[in-house]
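The values are calculated or read from the model by the stated rules, or taken from the named source; none is laboratory data. Everything numeric here is computed off the predicted structure, so don't read it as measured data. Glycine also receives a Cβ, built like all others from the backbone with ideal geometry; neighbour counts cover every protein chain displayed. For accessibility, only protein heavy atoms count, side chains too; no ligands or nucleic acids. Shrake-Rupley method; radii C 1.70, N 1.55, O 1.52, S 1.80 Å.
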Amino acid sequence: MQGLDLIKKVKIVPVVKITDVETTLPVMNALKNGGIPIAEITYRTECASEAIALAVKNCPDMLIGAGTVVNAEQAVSAIASGAQFIVSPGFSAKVAEVCKEKGILYIPGAITPTEIMATMEYDLPIIKFFPAETFGGLASIKALSAPFPKHVFIPTGGINKSNIKEYLSFSKIIACGGSWMVKDSLINNKEYDKIEEISREAIEEINA
Ligand code: 3PG
């Protein structure tokens, strides 16, 4: 299954921050066993490339992407490590160019109409609406969908079990991102069972 198809099917993109590379595979397994075979591993730590490479090599049945990619160098590094998609908190034309050249799915962040228009020059129809709850949530996405009918959204930021279903009820929202099932404290305390449990609850909630 292609990456985008899997994202549309699972409807959740966990935003994972790996600080200790040894936690990578247990976290991936917990997500997968909880029903979420997707991870966006963020470039917020030194070991992001290493964690991505480890996950890609050992979890062939998962879709592993890179998140918080803010420049071309990180995009090149992430793709060299095997990242299957790239996510940015905002829009970077340079990252877009790298992804286009390498044929990799790029999901830029955007909040305003001007930012969305910038993505159109690179034919990027999937927007990470971030930080979603801070910038008007579902109401803002609905308003943006009127002038931008060809775009779809992955809202992220402040999403959890209690509001995900409402977001996903809007047809232009193909998935939601978030870290609530992989919070720093859960990873640092090696609470992998809990990660699996929260992941499963999220999947059950959206399919209920
Ligand atoms: C991200 O970069 O996507 C966010 O950190 C995720 O937001 P959340 O932590 O509020 O889920």
Requested in this report: Please go through the range 96-110 and pick out each residue that is in contact with a helix residue (DSSP H, G or I) (Cβ under 7 Å, 6 or more places away or on another chain), within 15 Å of the ligand (Cβ to nearest atom) and aliphatic (A, V, I, L, M).
Outcome: Ala110
Query raised in the report: Do we have Ile111 as under 18 Å from the mean Cα position of the chain (by Cα), not small (Gly, Ala, Ser) and not in a loop (DSSP other than H, G, I, E, B) here?
Result: no
**Report entry** Subset of the range 8-30 (residues that are within 14 Å of the ligand (Cβ to nearest atom) and either open to solvent by less than 30 Å² (accessible area, probe 1.4 Å) or closer than 16 Å to Gly82 by Cα (or both))
**Finding:** Ile12, Val13, Pro14, Val15, Val16, Ile18
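Taking the range 148-162, which residues are farther than 14 Å from Met120 by Cβ, more than 11 Å from the ligand (Cβ to nearest atom) and touching a residue at least 24 places away in the same chain (Cβ under 8 Å)?
Those that are farther than 14 Å from Met120 by Cβ, more than 11 Å from the ligand (Cβ to nearest atom) and touching a residue at least 24 places away in the same chain (Cβ under 8 Å): Phe153, Lys161.
What residue, of Ala75, Ala80, Ala48, is open to solvent by 10 Å² or more (accessible area, probe 1.4 Å) and either aromatic (Phe, Trp, Tyr) or farther than 20 Å from Ser199 by Cβ (or both)?
Ala80
Which of the residues belonging to the range 162-183 are of a type outside the set (Gly, Ala, Ser), over 17 Å from Ile111 (Cβ atoms) and under 16 Å from the mean Cα position of the chain (by Cα)?
Here is the first cut: in the range 162-183, the residues of a type outside the set (Gly, Ala, Ser) are 163-168, 170, 172-174, 176, 180-183.
Going one step further and asking which of them are over 17 Å from Ile111 (Cβ atoms), we end up with 163-166, 168, 174, 180-183.
Hits for the range 162-183 are Ile164, Leu168, Ile174, Trp180, Met181, Val182, Lys183.
Among the residues of the range 76-89, which ones are under 15 Å from the mean Cα position of the chain (by Cα) and more than 16 Å from the ligand (Cβ to nearest atom)? I'd like the intermediate steps shown before the answer.
Narrowing the range 76-89 to residues under 15 Å from the mean Cα position of the chain (by Cα): 78, 83-89.
Matches in the range 76-89: Gln84 only.
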**Report entry** Matching residues in the range 97-108 - criterion: being under 16 Å from the mean Cα position of the chain (by Cα) and open to solvent by less than 40 Å² (accessible area, probe 1.4 Å)
**Finding:** Cys99, Ile104, Tyr106, Ile107, Pro108
**Report entry** the range 124-147 - residue that is in a loop (DSSP other than H, G, I, E, B) and open to solvent by less than 30 Å² (accessible area, probe 1.4 Å) and, of those, farthest from the ligand (Cβ to nearest atom)
**Finding:** Leu124
